[in-house]
Amino acid sequence: AQKVTQAQTEISVVEKEDVTLDCVYETRDTTYYLFWYKQPPSGELVFLIRRNSFDEQNEISGRYSWNFQKSTSSFNFTITASQVVDSAVYFCALSDNDYKLSFGAGTTVTVRA
Amino acid sequence: GAVVSQHPSWVICKSGTSVKIECRSLDFQATTMFWYRQFPKQSLMLMATSNEGSKATYEQGVEKDKFLINHASLTLSTLTVTSAHPEDSSFYICSGDQGNQPQHFGDGTRLSIL
C-alpha cells in the first residue's frame, strides 16, 4: 500500500524567511512518481513538480527547490525567501503505474508580511 | 498547457436532490479521469477512476450507487451525487490523465447540501 506522510500540519513564517516542507513516502513499487501541489484558498490545485523514482537529482525552479532522497524515502520542498503569495496548503503526492494519486495530509503555510 | 474544465464551481441545493458535476478536458484526450473528494481542512481522497467507455472503478468505502460516474467520451466525465444529503457536502475535484503525464486538475466544485 502507498502512503504519504506530511508531518507538519501548519508552518508560519515571516516574509523572506525560508520554509522547508517535509514529505516521507512508502511504496512497494520500484517505479513511482512523486508530486508537489499547491492549493491556494481559492481551492484549485496547482501542479509544482513531478519526479520519477529513477531521477534523484535535486531540482531548483526560481524560489522553489526539491530534495529527493530515496535512501530515506523523502521528497522535501523548500521555498526560499517566502512571500505572502506563497500562503497556501501544499500537498505531497505519490503515484505508481496506474497513475492514481495518494496525497499526504497537506501542510498549511502562512507567510506573514 | 492541458486544461481541464469543471462545472459548476459552486452548488447549493436541498437535501434529497441529485447533483451532476461535469469534467471536461479541453485540449487533450483523457483516457482516464479521476474523481477526488476533499472535506474541509483535509486531504484529497480518491473516490473513483473512470476510463472512457467502461465502468468506473470505485475506491473502498465509496458507494457506487450514490456517486454515479459516466465517462462517455475521451473529453467528458460526469459525477452525479444522487439523493444528496448534508454529509455529502464537500469539495469535489476531477483530473484527467493522458498517460505517463502529470494529471491535470479541474478547479473543483464546492457542493453544499442544505
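Here, each number is a calculation from the coordinates, and none is a lab measurement. Source: prediction; values computed, not measured. With ideal geometry, Cβ positions are generated from the backbone for all residues, glycine too; neighbour counts draw on all protein chains shown.
Listing A:Val19, A:Val14 from fewest to most neighbouring C-beta atoms within 10 Å gives A:Val14, A:Val19. So the label point goes 7 Å from the Cα of A:Gln2 along Cα→C-beta, right? Which residues of the range B:20-52 then have their backbone N under 12 Å from it? So the set is B:46.
Sorting A:Ser102, A:Ser74, B:Ser50, B:Ser83 by the number of Cβ atoms found within 10 Å of their own Cβ, with the fewest placed first, yields B:Ser83, A:Ser74, A:Ser102, B:Ser50. Here the Karplus curve 6.51 cos²θ - 1.76 cosθ + 1.60, taken at θ = phi - 60°, turns the phi angles of the range A:40-46 into couplings of x, x, 5, x, 6, 9, 10 Hz, with x standing for Gly and Pro. Divide the volume of the convex hull around the Cα atoms of the range B:31-77 by the residue count and you get 78 Å³ per residue. Once the C-beta distance of A:Val14 and A:Ser42 is scaled by a Förster radius of 22 Å, the resulting FRET efficiency is 0.40 to the nearest 0.05. The lysines whose alpha-carbon is closer than 30 Å to the alpha-carbon of A:Lys100, local same-chain residues fewer than 8 away aside, are A:Lys3, A:Lys38, A:Lys70, B:Lys20, B:Lys41, B:Lys55, B:Lys64, B:Lys66.
Using the Cβ-Cβ distance between A:Tyr64 and B:His7 with R0 set to 30 Å, the FRET efficiency from 1/(1 + (r/R0)^6) comes to roughly 0.45. A cut-off under 12 angstrom between Cβ atoms defines the neighbours of B:Val19, and their net charge, with Lys, Arg +1 and Asp, Glu -1, is +2.
Derived scalar couplings between HN and Hα for the range B:35-42 equal 10, 10, 10, 9, 7, x, 6, 10 Hz in order, rounded to whole Hz, by the Karplus curve 6.51 cos²θ - 1.76 cosθ + 1.60 (θ = phi - 60°), x for Gly and Pro. Each residue of the range A:14-28 is assigned a 3J(HN,Hα), and the resulting list reads 8, 3, 5, 6, 8, 9, 10, 9, 8, 8, 10, 10, 9, 7, 9 Hz, derived from the Karplus form 6.51 cos²θ - 1.76 cosθ + 1.60 (θ = phi - 60°), x at Gly and Pro.
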